[in-house]
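Have a look at the structure below before the remarks.
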Amino acid sequence: MTTTEQVLKLINGNQEEQISVIKELTEKRLKAMLREDTIPPQLDYIVTDVTLKRYNRIGNEGMSSYSQEGLSFSFPDSDFKEYVDEINQHLETNGNGLVKKGKVNFL
């Protein structure tokens, strides 16, 4: 599906189409963060949580906060922010993490 088709489905699509596009984009982003082609089963819940958050935010994309009739919502900079520890732990455990700088001593 092209980017244009995805955007059109997000704007004009029914609920099922919107959730499908959001889930697909969420999976792509998480795979990129994990540096893997598939999402490990133990991290599947992240896709569900982030998809739900993104779906509930339709119409308020790009906003950092939203207020209406006494209700106030604030959105994190990244939908994956609360999962950073789990993602980093997975990267370290599976050797996909960034190379850490070591120490060199010259005699």
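When restricted to residues that are of a type in the set (D, E, K, R), touching a residue at least 12 places away in the same chain (Cβ under 8 Å) and either under 13 Å from Glu86 (Cα atoms) or in a loop (DSSP other than H, G, I, E, B) (or both), segment 28-46 contains 2.
A residue that is at pLDDT below 90, within 21 Å of Leu10 (Cα to Cα) and within 12 Å of the chain's Cα centre (by Cα) can be found somewhere in segment 68-76.
Candidates in segment 50-63 are the residues that are of a type outside the set (Ser, Thr, Tyr) and in contact (Cβ under 8 Å) with a residue 24 or more places away in the chain; of these, the one that is farthest from Val84 (Cα to Cα) is Ile58.
The values are calculated or read from the model by the stated rules, or taken from the named source; none is laboratory data. The model shown is predicted, which means the values in this text are computed figures rather than measured ones. Reconstructed Cβ throughout: ideal geometry from the backbone, glycine too, with neighbour counts over all protein chains shown.
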